[in-house]
Every structure is written in C-alpha cells, then in structure tokens.
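Asker: My structure is below; once you've seen it, I'll send some questions.
The values are calculated or read from the model by the stated rules, or taken from the named source; none is laboratory data. In this text, all values refer to a predicted model and were calculated from it rather than measured experimentally. Please note: Cβ atoms are built from the backbone with ideal geometry, for glycine as well, and neighbour counts cover all protein chains shown.
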Amino acid sequence: MAKATVNKIISFSSVDGPGNRTAVFLQGCGFDCRYCHNPETIHACIHCGECVKYCKPGALTLVEENVRAADQRTGRKRVHYDITKCVFCDECFRHCPHGASARTRELTAEQVMREVRRNKPFIRGITVSGGECTLWRDFLLELLSLAKAEGLGTLLDSNGSYAFSEDPELMAVTDGVMLDVKAWSREEHLRVTGQDNACVLRNLEWLAAAGKLTEVRTVVVPELFDCRQTVREVSALLAGLGCLDARYKIIRYRPMGVREEYKSLTPPTEEFLQKLVGVAVGYGLSDVVVV
Ligand code: SF4
Ligand code: SF4
C-alpha cells in the first residue's frame, strides 16, 4: 500500500468543498507562493532536529533510525511525532529554518480511511488538499477508491500542476477538483509561485469541459499580479465552455501565517473585491463568492 506524509486531518470542515467534509492535508508542494498561509506544508522535513527543543509537551523526540542490533552501531537520527502528546501550539514549525513540519505522520490510505470512517455519519465526503495532494498520486488513487467504495464523495484541492487529463484512472474516482488559478499571465504566475502556469490553464479548460471543475480559487493580492485580468480571463473561459455553475471563490489576501518577508503585502479593499465579483458575474457565472 502506498503511503503519504499526512500533515493533518480535519474531521469536519465546511470550507473545503460543499457540505460537511473530512479534509486530509498532505505534505509537500512544488509551488512556493509568496502569500502561502501554510508555508510549513511546502517542504519535506530533513530531520535536523532543530524544532524538538521548542516542543514543550514532548510530542517531538529525536530517535535513532536503523539501529543495528548486532553491533549497536546506530544510523542517523530522525524526528518522531507522537500526536497523542501534541497540543497543536505550532511552536515547532514556527522555529523550522527549512519551511517544513515534523508534525506529520506517514500513513497508508487504509489508515487514513480508519480516521475518516469515524466521521462517516456526519460527512458528505472527503477532500484531499495540501501542500499539493497530487504529489502523492498512488496514495490518492487508493484513498479515493476506498472512499468511493464506501459511498463518500471525493474532491481534490490542487494548484493545477498535475495533468489530470492524462490520468483517467484517478479521475474515475474523483468527483471534482477545486483548482487554484493564481495568475493568468505566465510571467506573473512565475513571480507569485516560482512556477509556470501552462499546466494550470490546460487543467482549467479540461476540467471545465469534463464536468470535473468544482471550484476555482484566486487569492487577490493587487500589488503582486493583475487580479482583474485573471478574474476576467478565467470567467471568460468558463463562460465560453458553458461552465457557469462552477463556484469561483475570490479569496481576500490576509497576512496571517505568511512568512515574515511577505507580510508587507497589502490586502485588497472590499470595493476592489466587489469589482472582481462584478467582472465574474458579468460573464454569467452564477456562484461567485468572496471569502
Ligand atoms: S521540521 Fe524543520 S526544524 Fe524540525 S526536524 Fe524537520 S526540518 Fe528540522
Ligand atoms: S504543535 Fe505539537 S509537535 Fe509542534 S511544538 Fe506544539 S506540541 Fe510539539
């Protein structure tokens, strides 16, 4: 069974897709968005141990890995996380110099499903997010297949860096994708995320045409990219494909959780956000929200 590094599981979420859902967040992302609110999910932990001393409840400990019983020679150390001792104070990743988190668990899809099953009477489905969940494709396929077999809905929250059209097996068990379109222009997308957006835009078109686009999200940071152009082009594309009922979530940038060097970015005004709503509605989109 494939394993993934799981950053956290939220049993009941009403903001990760329609209805009440269990949201599973996986570690690691190929983008490096300047306004990322969860920068600790971007990189994999390198087990340097720096964060352990900040964990007062003792949920993090440094343990020897690969201890050889025969001669007691030891291998390198790694950080062990005990979720039962964690008080979720966030001190560990506040002090990580590598943009990572040791507050993670290596879990199989079946182990995650065991946690999901407890919530089954109260949820409509699961949403797998990140980081970027598609970095764990084989695990995703197993988890979504298990969830589907138990009658649960399945959504992915993605930055669009994975070619969904080339993976019919995964799409067969995915009800829909909530896709980030962080900037329309390639140059601006590079500036915001460090990566090209050709795959993101191909996904936008393909998912909309395939009836698999549940939601589009754009975080609005006026000084970082042309937000009006992005909302306009996304809306025009959706309208052109007749995909008028996909939700367009226009997200107000807030500096909470953002890395120190990017905290000076200015949040948009309410007036500007409402202008963006007007642009999308003007193209006929019926479900445009500001959060
Ligand atoms: S989370 Fe960061 S500080 Fe802690 S062990 Fe991993 S890389 Fe080091
Ligand atoms: S969040 Fe958990 S693992 Fe991190 S420092 Fe706090 S108690 Fe320790």
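Asker: Of all the residues that make up region 51-63, how many are without any contact (Cβ under 8 Å) to a residue 40 or more places away in the chain and either surrounded by fewer than 13 Cβ atoms within 10 Å (Cβ to Cβ) or near ligand 2 (Cβ under 7 Å from one of its atoms) (or both)?
Answerer: Counting residues in region 51-63 that are without any contact (Cβ under 8 Å) to a residue 40 or more places away in the chain and either surrounded by fewer than 13 Cβ atoms within 10 Å (Cβ to Cβ) or near ligand 2 (Cβ under 7 Å from one of its atoms) (or both) gives 6.
Asker: Follow-up question, since we're still on this one. Can you name every residue in region 85-105 that is in contact (Cβ under 8 Å) with a residue 60 or more places away in the chain and within 11 Å of ligand 1 (Cβ to nearest atom)?
Answerer: Keep residues of region 85-105 that are in contact (Cβ under 8 Å) with a residue 60 or more places away in the chain, which gives 99-101, 103-105.
Gly99, Ala100, Ser101, Arg103, Thr104 - these are the residues of region 85-105 that are in contact (Cβ under 8 Å) with a residue 60 or more places away in the chain and within 11 Å of ligand 1 (Cβ to nearest atom).
Asker: Could you give me the residue pairs with C-beta distances under 7 Å whose first residue belongs to region 26-37 and is within 15 Å of Asp157 (Cα to Cα) and assigned to a strand (DSSP E or B), whose second residue is of a type in the set (Gly, Ala, Ser) and at pLDDT below 95 wherever it lies, and which are 6+ apart or on separate chains?
Answerer: As it stands, the answer is Leu26/Gly130; Leu26/Gly131, since those pairs meet every condition given.
Asker: Run Ser129 past the list (1) buried (at least 17 other Cβ atoms within 10 Å of the Cβ); (2) more than 30 Å from Arg191 (Cβ to Cβ) and report the number of the one that doesn't hold.
Answerer: (2)
To keep it simple, each residue is scored yes or no on (1) away from ligand 2 (no atom under 16 Å from the Cβ); (2) within 25 Å of Asp196 (Cα to Cα); (3) of a type in the set (S, T, N, Q).
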residue	(1), (2), (3)
Ile9	no, no, no
Ser13	yes, no, yes
Gly17	yes, no, no
Arg21	yes, no, no
Val24	yes, no, no
Gln27	no, yes, yes
Arg34	yes, yes, no
Thr41	no, yes, yes
Ile46	yes, no, no
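Asker: While we're on this one: Among the residues that make up region 234-255, is at least one of them among the β-branched types (Val, Ile, Thr) and in contact (Cβ under 8 Å) with a residue 60 or more places away in the chain? Reasoning before the result, please.
Answerer: Residues of region 234-255 that are among the β-branched types (Val, Ile, Thr), as a first pass: 234, 250-251.
Then keep just the ones that are in contact (Cβ under 8 Å) with a residue 60 or more places away in the chain; that gives none.
No, region 234-255 contains no residue that is among the β-branched types (Val, Ile, Thr) and in contact (Cβ under 8 Å) with a residue 60 or more places away in the chain.
Asker: Let me ask something else about it. Test Glu223 against the stated conditions and say whether it is over 23 Å from Arg186 (Cβ atoms) and either touching a residue at least 60 places away in the same chain (Cβ under 8 Å) or surrounded by fewer than 17 Cβ atoms within 10 Å (Cβ to Cβ) (or both).
Answerer: Details: over 23 Å from Arg186 (Cβ atoms): no; either touching a residue at least 60 places away in the same chain (Cβ under 8 Å) or surrounded by fewer than 17 Cβ atoms within 10 Å (Cβ to Cβ) (or both): yes.
For Glu223, the condition - over 23 Å from Arg186 (Cβ atoms) and either touching a residue at least 60 places away in the same chain (Cβ under 8 Å) or surrounded by fewer than 17 Cβ atoms within 10 Å (Cβ to Cβ) (or both) - is not met.
Asker: Does at least one position in region 106-126 carry a residue that is of a type in the set (Asp, Glu), surrounded by 15 or more Cβ atoms within 10 Å (Cβ to Cβ), part of a helix (DSSP H, G or I) and away from ligand 1 (no atom under 13 Å from the Cβ)? Before you say what the answer is, go through the steps one by one.
Answerer: Taking region 106-126 and keeping what is of a type in the set (Asp, Glu), we get 106, 110, 115.
Right, trim to surrounded by 15 or more Cβ atoms within 10 Å (Cβ to Cβ) and you get none.
Checked against the condition, which is being of a type in the set (Asp, Glu), surrounded by 15 or more Cβ atoms within 10 Å (Cβ to Cβ), part of a helix (DSSP H, G or I) and away from ligand 1 (no atom under 13 Å from the Cβ), region 106-126 yields no hits at all.
Asker: Using the structure shown, decide if Met178 is away from ligand 1 (no atom under 16 Å from the Cβ) and in contact (Cβ under 8 Å) with a residue 60 or more places away in the chain.
Answerer: On the way: away from ligand 1 (no atom under 16 Å from the Cβ): yes; in contact (Cβ under 8 Å) with a residue 60 or more places away in the chain: yes.
Considered against the rule, which asks whether it is away from ligand 1 (no atom under 16 Å from the Cβ) and in contact (Cβ under 8 Å) with a residue 60 or more places away in the chain, Met178 comes out as yes.
Asker: Looking at this structure, is Phe88 closer than 26 Å to Thr22 by Cβ, of a type outside the set (Gly, Ala, Ser), modelled with pLDDT under 95 and part of a helix (DSSP H, G or I)? Explain how you work it out, then say what you get.
Answerer: Values: closer than 26 Å to Thr22 by Cβ: yes; of a type outside the set (Gly, Ala, Ser): yes; modelled with pLDDT under 95: yes; part of a helix (DSSP H, G or I): no.
No.
Asker: For region 169-199, give me the residue count where each residue is among the β-branched types (Val, Ile, Thr), buried (at least 18 other Cβ atoms within 10 Å of the Cβ) and touching a Ser or Thr at 6+ places or on another chain (Cβ under 8 Å).
Answerer: Residues of region 169-199 among the β-branched types (Val, Ile, Thr): 173-174, 177, 181, 192-193.
Within this subset, residues satisfying the condition of being buried (at least 18 other Cβ atoms within 10 Å of the Cβ) are 174, 177, 181, 192-193.
Filter once more, keeping what is touching a Ser or Thr at 6+ places or on another chain (Cβ under 8 Å): 174, 177, 181.
The number of residues fulfilling the criteria is 3.
Asker: Name the residue, out of Arg259, Arg252, Arg232, Arg202, that is at pLDDT 95 or above, within 17 Å of Tyr35 (Cα to Cα), surrounded by fewer than 21 Cβ atoms within 10 Å (Cβ to Cβ) and out of contact with any Lys or Arg (no Cβ under 7 Å at 6 or more places or on another chain). Outline the logic, then answer.
Answerer: Working: Arg259 fails: at pLDDT 95 or above; Arg232 fails: within 17 Å of Tyr35 (Cα to Cα); Arg202 fails: within 17 Å of Tyr35 (Cα to Cα).
The conditions single out Arg252.
Asker: Separate question: Within region 263-284, track down each residue that is crowded, with 18+ Cβ neighbours inside 10 Å and farther than 22 Å from Ala246 by Cα. Walk me through it before giving the result.
Answerer: The initial filter retains those residues of region 263-284 that are crowded, with 18+ Cβ neighbours inside 10 Å, namely 268, 273, 276, 279-280, 283.
Pro268 - this is the single residue of region 263-284 that is crowded, with 18+ Cβ neighbours inside 10 Å and farther than 22 Å from Ala246 by Cα.
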